[in-house]
Amino acid sequence: MSKKIVLTILGTLFAVSAVAGGAFSALDRDMNGRISKQEASAIPSLSEQWDSLDKDASGDLSKEEYLSFESAGASSEDTSAVKDAPKASQGK
């Protein structure tokens with residue numbers, strides 16, 4: 001495989017990861033590094049798949065668990081609504 005093809009594949013994978021990471025960050029309203037059921041309610045299809053995505057049954061989704069939702073074909077419409085919403089304040 002040529003270097004150009006390898007670099008193209010790596011660039012594509014990086015771009016997909018960055019987009020998914022942005023959606024995760026937008027959903028993680030309290031910025032604790034996990035998505036709660038309440039935070040997930042912003043995306044109905046995410047809520048519908050909750051039990052199958054929460055692999056460790058912790059009650060929230062890690063970034064890795066969320067990325068499995070993204071890789072399973074979550075559409076950009078699913079995640080676009082939350083990207084522009086303001087974050088919770090960090091004054092804890």
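If we keep just the residues of region 38-54 that are at pLDDT below 95 and not in a helix (DSSP H, G or I), which is surrounded by the fewest Cβ atoms within 10 Å (Cβ to Cβ)?
Selected residue: Ser41.
Taking only region 23-37 into account, find how many residues are surrounded by fewer than 13 Cβ atoms within 10 Å (Cβ to Cβ) and among the charged types (D, E, K, R). Walk me through it before giving the result.
Let us first name the residues in region 23-37 that are surrounded by fewer than 13 Cβ atoms within 10 Å (Cβ to Cβ), namely 31-33.
Still in the list and also among the charged types (D, E, K, R): none.
Of the residues in that region, 0 qualify.
The values are calculated or read from the model by the stated rules, or taken from the named source; none is laboratory data. Predicted model only: the values in this text are computed from it and were never measured. Don't worry about glycine lacking a Cβ; one is built from the backbone with ideal geometry, like all the others, and counts go over all protein chains shown.
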